[in-house]
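Notes to accompany the following structure.
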Amino acid sequence: RSRERLLLLKNKHAGEPCVLIGGGPSINKMDLAKLKNTVTIACNGFHYKIPEIGFSPTYYTVEDPLPAHDNAEEILNNKSIKIIPLDLMHIFESYDDSEVIYTNLRRSKLTYLSPQFPLFSKDFADESYWGGTVMYYNIQLAHYLGCNPIYLIGVDLSYVIPNEIKQRGAVLESVGDDPNHFDPRYFGAGKKWHLPETERMQLSFSRALAYLDGQGVRLINLGVDSKLQDVPKRNFDEIFL
């Protein structure tokens with residue numbers, strides 16, 4: 001059923017702009033209400049922002065099992081179309097939500113050390129590829145939807161590790177407020193998250209930019225205070241009046 005629904009989404013928004021919303025604190029400096037009538041893709045703990053802006057994003061994703069586990073109920077309670085990797089189905093299957101579409105995310109197709117990392121999906125209904133950030137998953141989805149240009153906001157690419165933190169390998173557990181996202185509850189006390197690898201994230205955005213450029217699709221960073229490199233920068237308020 002998910003594949004059938006995915007096929008119906010191919011080029012559904014051909015030639016339309018799409019805004020991919022990251023979780024960086026910078027989105028608090030932006031009037032997201034301007035995006036109400038724009039195709040949007042949000043993720044992870046964005047549900048904390050929905051009451052403030054007054055609308056649900058068009059699509060909602062989660063790719064990492066940690067925020068998927070911590071936010072499953074909230075993710076499914078919004079009105080967005082949910083696009084979620086099949087290997088997270090066990091987290092969501094106890095909830096009855098016909099809006100969930102499961103996808104084939106290839107998490108281990110290539111290692112980070114491979115010169116080809118990360119691959120970019122040529123057919124999201126068939127497979128997509130892991131790039132160390134949910135935003136890479138979302139860029140592949142936006143391209144499948146036919147969106148052009150694809151705008152990024154909230155990709156601040158800047159993280160601090162609080163002094164008080166529980167750590168087990170690459171998994172961190174917060175004991176206080178989250179300083180790295182737009183809401184202190186995002187990865188707040190008791191929530192788990194993976195150690196951020198900004199160099200790997202940057203590599204994924206650069207690879208997406210190169211691929212999309214070859215397809216005639218523009219990837220543009222509209223973020224404020226963003227440390228993202230390579231991706232062309234524009235002003236949010238000039239694009240969305």
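The values are calculated or read from the model by the stated rules, or taken from the named source; none is laboratory data. Just so you know, these numbers come straight off a predicted model, no measurement behind them. Glycine also receives a Cβ, built like all others from the backbone with ideal geometry; neighbour counts cover every protein chain displayed. Please note that ligands, DNA and RNA were not included when accessible areas were found on the heavy atoms of the full protein model with its side chains. Shrake-Rupley method; radii C 1.70, N 1.55, O 1.52, S 1.80 Å.
Out of all DSSP beta bridges in the chain, what portion is antiparallel? Express it as a percent rounded to 5. Restricted to the chain, the bridges split so that about 25 percent are antiparallel.
For Lys34, go through the aspartates and glutamates and keep the ones whose alpha-carbon is under 19 Å away, minus same-chain ones fewer than eight residues off. Filter leaves Glu16, Glu52, Asp237, Glu238. Compared with the direct C-alpha span, the chain from Lys227 to Lys12 gains 74.3 nm at full extension, assuming 0.36 nm per residue.
Across all directions, the average flat footprint of the convex hull enclosing the Cα atoms of the chain is 12.4 nm². Across the chain, the mean sequence separation of Cα contacts (distance under 8 Å, 6 or more residues apart), normalised by length, yields a relative contact order of 24 percent. When the listed pairs Lys122/Lys192; Lys36/Lys82; Lys192/Lys233; Lys191/Lys227; Lys29/Lys49 are checked against a 21 Å cut-off, the alpha-carbon distance exceeds it for Lys122/Lys192; Lys192/Lys233; Lys191/Lys227.
Annotation: per residue accessible area for the chain equals 47 Å², rounded to a whole number [probe 1.4 Å, protein chains only]. The listed residues Met30, Met89, once ranked by accessible area (1.4 Å probe) with the largest placed first, stand as Met89, Met30. Computed with every protein chain present, the accessible area of Thr61 is close to 0 Å² [probe 1.4 Å]. By the Cβ distance rule of under 4.7 Å, the chain has these cysteines without a partner: Cys43.
Computed extension length for Leu241-Asp213: 7.5 nm, one decimal, from 0.36 nm per residue of separation with the Cα-Cα distance subtracted. Distance between the C-alpha centers of segment 155-230 and segment 9-83? Whole Å please. Between the Cα centre of segment 155-230 and that of segment 9-83, the gap is 16 Å.
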